[in-house]
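Have a look at the structure below before the remarks.
The values are calculated or read from the model by the stated rules, or taken from the named source; none is laboratory data. These numbers come from a predicted model, not from an experiment. Reconstructed Cβ throughout: ideal geometry from the backbone, glycine too, with neighbour counts over all protein chains shown. The area values use the complete protein model at the heavy-atom level, side chains included, leaving out ligands, DNA and RNA. Shrake-Rupley method; radii C 1.70, N 1.55, O 1.52, S 1.80 Å.
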Amino acid sequence: MKRVVDEARVRSALERAGQGHVFAAWSKLDAQARERLITELARIDLDLVGHLGSLGRKALDPHAQSERVPQFTPPEVVTLEASAKAEGEMRDARERGADLLAHSRVGFLLVAGGQASRLGYEGPKGAFPVGPVTGRSLFEIFARRLIAARERYGTRPTWYVMTSLANDAATRAFFADAGWFGLHADDVVFFAQAMLPALDEQGRILMADETTPFQAPNGHGGVLSGLRESGALDHAKQRGIEVFSYFQVDNPLARPADPLFLGLHAAAGAQMSSKVVRKRDAAEKVGVLGQVDGKLSCIEYSDLPSGLREARDPSGELVFGAGNIALHAIDRTFVEELTRDGLSLPWHVARKSVEALGADGRRGKRTALKFETFVFDALSFAQRSVTLEVDRAAEFAPVKNATGEDSPESARAAQCALHERWVRSAGLALPPRHAQGHHPVEVDPVLAEDVDEFLQRAPHTPRISHEGHFYG
């Protein structure tokens, strides 16, 4: 049944909120266009818009900025360089994590709202081909990791995929066309990220055109409220899921079914935990985990004073070197607490240039304030947390840029370099190097997720194509 929107009520609410300008073109619109505009406007939370407008004006006011410098201290990090005692704890943690996986207590939570347009590809970022030999998409690589978990632990993996307004339909179609990559269709749950109006510098809603408010995604922190509002959080509870393994779509080396990480998180009674890698150097512009005024947080590169950014401990390692790679374990009950009365995360303001209507009704470049929440801000609400350092070469190869660092080329090279080491360890032959300098080798996660598994299970001969060697 079609919802009837009360035009007078919507118009009155917007005018009281100082947003009456959104009706500037009303007299020129036909009945269908008017209905479209009113329907869009009725969805807007005006109380939230008012709050965000105040935050935006404060962010732009240089006199409103706090002069107080926070106290930064490094986090406690679990490293893989374990003592004999820690080796026993690691073994116990792996067993505990394997038990969680075997009893389907882990839900796999993928943030995949991005488009691949920056990579020269039209479609969802997860559909982008990044397998160095097979050309598998990011989505398929992740699906193979979940199938690997299903085969290793006898689990029934449930995959929660957060899309966006821009790519939801295309993502669903991509999965359906691929036959859900061998997973069961009812084990893949999609929900779309919420959108928020972008505002001008005076806090007024920007219009993309005469019938459409300019909207922007609410940030990856919106995955938490999205779980609740979509019903996925209730779905997870009904399935007995206790912890979400959170990962983002741009990292083909992400290991969402890692028994060690999940086991360490559970053993600590943690609400939210994180994987980190050591920064390459002090100048690498990544956020780092650390204590801010006694609370665990992700500290943005620009927020850390240069003296602390470059400080080193007696062993020569960076004091603040725990680089955030957006891999987390998050308890379901923690998400319930954070979202019970609306999402309890701080808003971040970004100033961007966008194409939108101006006060004169003409379309052009306008300054927009966009508002986002970040999932890592939830760390400061956690009573207990584990920070696990992992090997960058084995677990982090993001695809963010079209060329150069963190590009499809660098991600494919990282996969090849990792698998090349496994093949060498097994004493197997490598294919000739590519022009880029690496041996084109790819290992299916269902065959092996690490070198030890590869040594146990690798066939003596790979599948060979003109692209390289594939083990699977």
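General observations
- Selected residue (only one of A170, A143, A176 is crowded, with 22+ Cβ neighbours inside 10 Å and either among the hydrophobic types (A, V, I, L, M, F, W, C) or assigned to a loop (DSSP other than H, G, I, E, B) (or both)): A143
- Of all residues in segment 181-203, those being in a helix (DSSP H, G or I), open to solvent by 10 Å² or more (accessible area, probe 1.4 Å) and touching a residue at least 12 places away in the same chain (Cβ under 8 Å) number 2.
- F247 being open to solvent by less than 50 Å² (accessible area, probe 1.4 Å), aromatic (F, W, Y), modelled with pLDDT of 95 or more and not in a helix (DSSP H, G or I): yes
- Some residue of segment 404-426 being under 19 Å from the mean Cα position of the chain (by Cα), assigned to a loop (DSSP other than H, G, I, E, B) and under 19 Å from A143 (Cβ atoms): no
- Filtered residues of segment 222-244 (kept if open to solvent by 10 Å² or more (accessible area, probe 1.4 Å), touching a Lys or Arg at 6+ places or on another chain (Cβ under 8 Å) and in a loop (DSSP other than H, G, I, E, B)): G240, E242
- Among the residues making up segment 433-456, those that are in contact with a Gly (Cβ under 8 Å, 6 or more places away or on another chain) and under 12 Å from L418 (Cα atoms) are H439, P440, V441, E442, V443.
- Members of segment 361-399 found to be part of a loop (DSSP other than H, G, I, E, B) and of a type in the set (G, A, S), listed by number: G361, A382, S385, A397
- Considering residues of segment 241-254 that are closer than 12 Å to D331 by Cα and of a type outside the set (A, V, I, L, M, F, W, C) only, the residue nearest to the chain's Cα centre (by Cα): Y246
- For segment 115-140, the candidate set comprises residues that are over 18 Å from R463 (Cα atoms) and of a type in the set (G, A, S); within that set, the residue that is surrounded by the most Cβ atoms within 10 Å (Cβ to Cβ) is G126.
- Meets criteria (in a strand (DSSP E or B) and either touching a residue at least 40 places away in the same chain (Cβ under 8 Å) or in contact with an Asp or Glu (Cβ under 7 Å, 6 or more places away or on another chain) (or both)) for G113: no
- Residues (of a type in the set (G, A, S), in a loop (DSSP other than H, G, I, E, B) and either surrounded by 12 or more Cβ atoms within 10 Å (Cβ to Cβ) or under 20 Å from the mean Cα position of the chain (by Cα) (or both)) located in segment 321-360: G321, S344, G358
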